[in-house]
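Where a number appears in this text, it was derived from the coordinates with a stated rule and is not lab data. None of these values were measured; they are calculated from a predicted model. Cβ atoms come from the backbone with ideal geometry, glycine included; neighbour counts cover every protein chain shown.
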Amino acid sequence: MIDGDRVRLRHVEREDLPQFVEWLNDPEVSQGLSMVTPLSMAEEENWFDKMLKSPNEERPLCIEAKQDDRWQLIGNSSFFSIDWRNRAGELGIFIGDKTYWDQGYGTEVVRLLLHHGFSTLNLFRIFLRVFEDNPRAIRAYEKAGFIHEGRQRQAEYHDGQFHDVLFMSVLRPEWAE
Ligand SMILES: CC(C)(COP(=O)(O)OP(=O)(O)OC[C@H]1O[C@@H](n2cnc3c(N)ncnc32)[C@H](O)[C@@H]1OP(=O)(O)O)[C@@H](O)C(=O)NCCC(=O)NCCS
């Protein structure tokens, strides 16, 4: 368990999959994730089986938020494509329960992952990619300390047009300050 103030990160269980499928089939959630075709339960089970064989450090984590006295599943986050020689990893997140958006949960999860990535996994550079038309995500990443470092022009196509993909990162010394 990775504990924060209002959120905690735990391993994914097979029982979580139907909830993920429901969220990932919501266009408002999936648009920022480049998931353009509907997702089936069979595909999600396939993802889960593959995930169990992936390195520990790259296994997705369920995001739970404290609601009164119980923990409520609200999304999923992970590091992936970790490059151990360069000590760099990419971060991904979605909060599927939209009633939790815009209350600082995303920022808190990203801060928690930065702490985990730097002080437990011993990473030096944590980066992410985000579409330019996802201001909510960009703002959350900026609040958590991510710095804009570049853009891939017109690299993502959705809603009938091309969009730039922004690259953002945090280096360990910046985080440590
Ligand atoms: C992106 C995501 C993780 C952010 O989580 P969150 O809990 O909503 O984020 P936070 O509340 O911490 O921060 C959001 C910030 O964006 C701001 N915001 C929301 N809509 C905005 C808009 N249209 N323009 C500018 N800022 C906006 C909020 O006001 C808040 O900033 P503030 O605290 O300064 O007021 C979540 O919305 C999500 O999972 N979205 C769907 C999947 C996705 O896009 N994932 C990211 C892929 S890169």
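So, in nm, how far is label Gln103 from label Arg14 when the simple model puts each one 7 Å beyond its Cα toward the Cβ?
Once both label points are built, they end up 3.2 nm from each other.
For the chain, calculate the relative contact order in percent as a whole number, restricting contacts to Cα pairs under 8 Å that are 6 or more residues apart.
The normalised contact order for the chain reaches 17 percent.
How many nm separate the modelled label positions at Ser40 and Trp84, each set 7 Å beyond the Cα in the direction of the Cβ?
So the two model labels end up 3.6 nm from each other.
Please report the net charge: other residues with Cβ closer than 15 Å to the Cβ of Glu28, K and R +1, D and E -1.
Taking every other residue near Glu28 into account, the sum is -4.
Pick out, in residue order, every one of the GluC sites (Glu not before Pro) in the stretch 6-77 that is DSSP loop and has at most 12 other C-beta atoms within 10 Å; say none if there are none.
Glu13
Given points 7 Å out from each Cα along the Cα-Cβ axis, report the Glu156 to Thr120 separation in nanometres with one decimal.
Between Glu156 and Thr120, the simple spin-label model gives 2.7 nm.
Counting only residues 5 or more places away or on other chains, whose amide H sits under 5 Å from the amide H of Gly75 once H atoms are built in the peptide plane?
Correct list: Ile63, Gly96.
Between the DSSP loop rule and a limit of at most 16 other Cβ atoms within 10 Å, which trypsin sites (Lys or Arg not before Pro) in the stretch 3-104 are left?
Those that pass, being in a loop and sparsely packed, are Arg6, Lys53, Arg85, Arg87.
If Lys and Arg each add +1 and Asp and Glu each add -1, what is the summed charge of the other residues whose beta carbon sits under 13 Å from the beta carbon of Asp16?
-4
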